[in-house]
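Taking it in order: structure first as structure tokens, then the write-up.
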Amino acid sequence: MRNNLARALSVLTLGVILTACAPQTTRTDSTDTPKTSAQQLEREVSQLVDKARQGSADERVTYLLQAADLLHEQAQDDWAFSLLQPLSPQAMSDAQYLTYLQSYSAIAYASDHFFAARDALTSNRLEQLWRNLTPDQQRDLLELRAQTNSVLGDYQASLAARVELGYLLGRDELYLNNEAIWQDLMSLSGDELATLANNPDSPTLGRWAELAQVTRDSAANLNRQLERVDLWRMQNPTHPANLELPSDLQLLGQLIARQPKTIALLLPQSGRLAGAASAVRDGFLAAYFAERSAEQSPTIRQYDTESADINQLYDQAVSDGAELVVGPLAKENVDALAQRAALSVPVLALNYREQPSKQNAPITSINLGELTIPQMQPKLPGVISLGASAATPDNNAQTTPADNSLFAPALYQFGLAAEDEARQIARHAHLQGHRRAMIIAPDIDWAERSIDAFIGQWQQLDGEVVALSRYVGAGDYSDVLKRTLLVDDSERRHSELRKIIYTNTHFEPRRRKDVEMIFLIANPPQARQIKPTLAFHYAGDIPVYATSQIYNGTDNPKADRDLNGIRFNTLPWLFADTPEAQSIKANTDAPPAYERLHAMGADAYHLYPRLPQLKHLPQTRVLGATGTLSMQQDGRIVREQIWAEFDGGVATPISNSAIERANPRK
């Protein structure tokens, strides 16, 4: 835990407190600054603080800034941030203020006080003094302003800073700035991109937005995407993006030349996972038929993983000409392929291997809470009998394989990991400024993994879990929450007071005051009872963040009005009317429980040609039906879902990506 000093330290007590409370760093210093021993650092800081106590007002600022900079160099950013709190920038001279602002904003950013950093970097006084800064100072502050706004989800403010920064950079420095611009652009919604593209006040940024639009609109077809990017480059020959094209776009030609021509789809056709596999297959083939073109029309051969050993099926698929394997679905089959001495062709597994340690809890795919999955059969047009059959004419399978060196044999893993959702909620709530969390979750195994993931991420961010409440069924919601919120303690104290004073007094029970946010795991019926119960026990004002289990894709305004205000992360698929989704609705009798699996199948198809792009360019993001997809170094695909909120009993996507500052803690 970080040891934060009191925010309102007086000058007279700074030296004493710093000597007694020097915190241990929780950060890894990324610079080459030599490490100073804890005793030496504490001694040097104490000496500077003593000088600040004894000096004039100007000297006090100078010495405290020196001490804070020294701490910052040693990655003791929380200590440094606390040290700067007593300073009053309003009383500083302009020169002193600029020196202070550069140190304060960098330290605030490094210590995760992002809103404080943004406030400093966008102050009116800084704007008035901007011309007094050297080009190097302007570059540093613009870079930090862009990074801060990007972290807080204010991508348009980040983009404005980066476009301005671009004019101060040389050609050899432009690449990284362009990459950052591209990442911000790809994080905007379609409506936000359209607004930027039509903004006459910033033609440079407008053309950037146009490039992002053409890239996103044609993302499902590599050939079409390359054609549209080339056309944009012809129309904008002097644009910064043309001078240094984003790296993922530079790779398009190689991806097209080396994409697999034959794909093996390994899924079970019977057994416990047959229903889930059928839904995944429907999504995969729906995407195939929606995006099939003369240039991108791979042969898809299907194999039943219940018919033979998974390694035998893999070898058979390779022998049949497969250049990429999609599947298997069962975790034990993924483990079996991972244990092979070598892979002949890449595998996009539709599940995750077990994590080796408790710190990285095992990931659960196909997490539908308590919903049961009935068995289904695909009914999409053009789907032929399962087994070793092709989804395209046989003559395609005889085509000479393209040079597939970029598709180096590797095991990639993709699924619907509930742990991804929990970690995303922890990061989002932390960015808003929350630090103390309460968890409400069912007392069942699959929820335990989400709890572990949330706690792991939350504690890594130095958050504190002050309460963990597990419920079993509808009958115990009130009792469980009452105990967790310490309302019964309040009632007990009042009862004891009445025994002492022998009189009846007006009494209103109170809940605990150390909870800043609630992490909720619940399906719709459970949540409809939990949220009103929180209000009944005086906790209706605490922000609630829920996992995607709270919404199954079907609106029920009357039943869900009690869920108003709950924010949750969920799949874009549930709110998008894509060709794949239209095909699924028209050709299957799928219940709502299958929506997530359909989206997973569609994303598996969209992912396969971009696996090398994700592997070799870690900053690459694929905007998928299950969320924004990226790849870790170990080949695991992770998801960032969209945010939605119940309003008027209806789940509504949150279009504004900017992080909202949490209300001040009481």
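The values are calculated or read from the model by the stated rules, or taken from the named source; none is laboratory data. Here the structure is a predicted model, which means the values were calculated and not measured. Cβ: placed from backbone, ideal geometry, glycine included. Neighbour counts: every protein chain shown. Quick note on the areas: whole protein, heavy atoms, side chains included, nothing else; ligands and nucleic acids left out. Shrake-Rupley method; radii C 1.70, N 1.55, O 1.52, S 1.80 Å.
What does the highest-first list of 51-62, 122-133 look like by mean Cβ count within 10 Å?
Order by mean packing, descending: 51-62, 122-133.
Please report the base-10 log of the normalised intensity I(q)/I(0) for region 38-157, using a Debye sum with one equal scatterer per alpha carbon and no solvent, at each q in 0.11, 0.12 (1/Å).
Results for region 38-157 at q = 0.11, 0.12 Å⁻¹ read -0.37, -0.44.
Could you tell me the center-to-center distance, by alpha carbons, between region 51-95 and region 583-634 in angstrom?
49
Provide the solvent-accessible area of LEU468, counting protein heavy atoms only and rolling a 1.4 Å probe, rounded to the nearest 10 Å².
Approximately 70 Å² of LEU468 is accessible to the 1.4 Å probe.
By how many nm would the segment from LEU168 to SER319 grow when fully extended, if each residue of separation counts as 0.36 nm and the alpha-carbon distance is taken off?
That pair, LEU168 and SER319, stretches by 48.8 nm at full extension.
Would you mind calculating the relative contact order of region 236-349 from Cα pairs under 8 angstrom and at least 6 residues apart, reporting the percent as a whole number?
The normalised contact order for region 236-349 reaches 32 percent.
What FRET efficiency do you get for THR195 and GLU464 if R0 is 51 Å and r is their Cβ-Cβ distance, rounded to the nearest 0.05?
Once the sixth-power term is evaluated, E becomes 0.80.
Note down the net charge around GLU143, summing +1 for each Lys or Arg and -1 for each Asp or Glu among other residues with Cβ under 15 Å from its Cβ.
Net charge around GLU143: -2.
Would you kindly derive the ³J(HN,Hα) couplings of region 214-226 from the backbone phi angles with the Karplus curve 6.51 cos²θ - 1.76 cosθ + 1.60 (θ = phi - 60°), listing them in order in whole Hz, with x for Gly and Pro?
Listing the rounded values in order: 5, 5, 5, 5, 10, 5, 6, 10, 4, 5, 5, 5, 5 Hz.
Among the listed pairs LYS531/LYS585; LYS531/LYS558; LYS331/LYS615, which have their C-alpha atoms separated by more than 26 angstrom in this model?
LYS531/LYS585
In straight Cα distance, which aspartates and glutamates are under 13 Å from LYS51, not counting same-chain residues fewer than 8 positions off?
Qualifying aspartates and glutamates at Cα under 13 Å: GLU59.
Can you give the Rg to Rh ratio of region 547-627, both from alpha-carbon atoms, with Rh computed by the Kirkwood formula?
Ratio of gyration radius to Kirkwood radius: 1.05.
With all protein chains present, calculate the accessible area of LYS331 using a 1.4 Å probe and round the result to the nearest 10 Å².
About 40 Å², ignoring ligands and nucleic acids.
How large is the dipole of region 61-121 about the Cα centre if only Lys and Arg carry +1 and Asp and Glu carry -1, each at its Cβ, rounded to the nearest 20 debye?
120
Give me Rg over Rh for region 232-301, both radii from the alpha carbons and Rh done the Kirkwood way, two decimal places.
The Rg/Rh ratio comes out at 1.20.
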